[in-house]
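All of the numbers you see were taken from the coordinates with simple rules; none came from a lab. Remember, predicted model here, so these are calculated numbers, not experimental data. For neighbour counting, all protein chains shown are included, and Cβ atoms are generated from backbone atoms with ideal geometry for every residue, glycine included.
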Amino acid sequence: MRLTPDQESLKARAAAFSNGLVRQRAAEIDRSGEYPWDIVDALKAEGFLGMTIPKELGGQGRSFLDTVLVIEQMARSCTVTARIVVEANMGAISTIMAYGTEAQRRLAADLVLSGDKPAICITEPDAGSDASGMTTRADKRGNRYVLNGRKHWITGAGISRLHLIFARVFDESGEDLGVGGFLAIRGEAEGLRVTRREPTMGLCGMPEGEITFSDLEITPDRVLLPPSGFKRGFADLINAYNSQRVGAGTVAMGIAAGALEHAVAWAKSREQFGRPIGEFQGLQWMLADMQTQLTAARLMLYAAADSRGPNGSAFPDPNLAAQAKIFASEAAIKIVNDALQIFGARGYSRDFPLERMARDVRMFTIGGGTAQVLRTLVASKVLGWKLPQTRDGYVR
């Protein structure tokens, strides 16, 4: 895919930013586990937050492909920084931009452009891949909805202000109306509490946690009504996950790109048996395979980011997004592991970045749709069959 001059310039600017402050801070962010607010401020100053927000709301009106170019460059140096860029341009914010009222869109835009990382609250202890099995409920009481339930593995728990909460809606008679989206702001909304932070293997500066809702009241102006209404609208809301999915795959691919750069530099400089180890054919073939897998993953992700789903969807094609994420996330794990192998014992040391990259990259065949569930989605398309039916007829 040929990039435009503007996209090439954006990519170069992101690469320069990544090679500077981001690379300098990456190891310390991992060691401390603290969310890097200094990086957020720098990203804001560079214009990398809210790129997909429309210009009339203060954003740049950029495409998902533009965002992918920036995410890849950030992930070469620091996975947490790349995740911040994903969350500031895809997922919750793109859902609100597509389906929200003017007031909701402005609220979300102002928060993200000021540096907030919006949280998308879908996953529950017993509702992961089958998101329609969620039990968090929103009961209609007069002109308000009252939310009760629990979400876990929520990215940004404890640092996010804006929360997009998916809950099963019940009217005053107790009838199940389907799934709706609700906006709540931590610090303003009583009844929203962060109750646990997960001790994760990697991505240590990006908190993952549990959030509970106890009689959380949502006023009508904070209800994100999907285009098809509560009864049929769950697929509308979850469709935004296709942009998040492309973003997650791009983070994995960017980690792999960074790992390959380190491996190439090491193969040129490290000498054994009187010559650089890159002169040995066994390592040359490893590097060739790594480059081939990386190129394929990049092309698939660019194509998915540049696509659109059926019926005028504002989001990437779900089949292309699923294929790209499967391939990129699995290829990235192999590329990073091979890069670590090329480094030998030093790759296993925390003094070198491969150890951190190996821990970080492992998340991406799990989060945002497991590789196994995504294969079910792709297979259903190949066979021309409908997805396995859930209560709402959708598998995330």
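Laid out as a table, the results:
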item: Residue list for the stretch 321-336, restricted to those being in contact with a Gly (Cβ under 9 Å, 6 or more places away or on another chain) and either surrounded by fewer than 23 Cβ atoms within 10 Å (Cβ to Cβ) or farther than 21 Å from residue 204 by Cβ (or both); result: 321, 322, 324, 325, 326, 327, 328
item: Pairs, first at positive phi in the stretch 223-250, second assigned to a helix (DSSP H, G or I) and surrounded by fewer than 24 Cβ atoms within 10 Å (Cβ to Cβ), C-beta under 7 Å, six or more apart; result: none
item: Residue count for the stretch 306-349, restricted to those that are outside any helix (DSSP H, G or I) and either within 21 Å of residue 382 (Cα to Cα) or touching a residue at least 12 places away in the same chain (Cβ under 8 Å) (or both); result: 11
item: So residue 304, is it under 20 Å from residue 65 (Cα atoms) and either in contact with an Asp or Glu (Cβ under 6 Å, 6 or more places away or on another chain) or surrounded by 16 or more Cβ atoms within 10 Å (Cβ to Cβ) (or both); result: yes
item: Conditions (1) among the basic types (Lys, Arg); (2) surrounded by fewer than 19 Cβ atoms within 10 Å (Cβ to Cβ); (3) in contact with a Leu (Cβ under 7 Å, 6 or more places away or on another chain): number failed by residue 197; result: (3)
item: Residues that are hydroxyl-bearing (Ser, Thr, Tyr), within 12 Å of the chain's Cα centre (by Cα) and within 15 Å of residue 17 (Cβ to Cβ), drawn from the stretch 47-88; result: 67, 81
item: Number of the exception - residue 61 against (1) in a helix (DSSP H, G or I); (2) exposed (fewer than 15 other Cβ atoms within 10 Å of the Cβ); (3) touching a helix residue (DSSP H, G or I) at 6+ places or on another chain (Cβ under 9 Å); result: (1)
item: Within the stretch 92-122, tally of residues that are part of a loop (DSSP other than H, G, I, E, B) and surrounded by 20 or more Cβ atoms within 10 Å (Cβ to Cβ); result: 5
item: Residue that is surrounded by 13 or more Cβ atoms within 10 Å (Cβ to Cβ) and farther than 30 Å from residue 106 by Cβ, where the choices are 213, 280, 273; result: 280
item: Qualifying positions in the stretch 350-372 - in a helix (DSSP H, G or I) and among the aromatic types (Phe, Trp, Tyr); result: 364
item: Subset of the stretch 242-269 that is within 20 Å of residue 80 (Cα to Cα) and of a type in the set (D, E, K, R) - its residue that is surrounded by the fewest Cβ atoms within 10 Å (Cβ to Cβ); result: 261
item: Hits in the stretch 31-43 (condition: within 18 Å of the chain's Cα centre (by Cα) and either without any contact (Cβ under 8 Å) to a residue 60 or more places away in the chain or in a helix (DSSP H, G or I) (or both)); result: 39, 40, 43
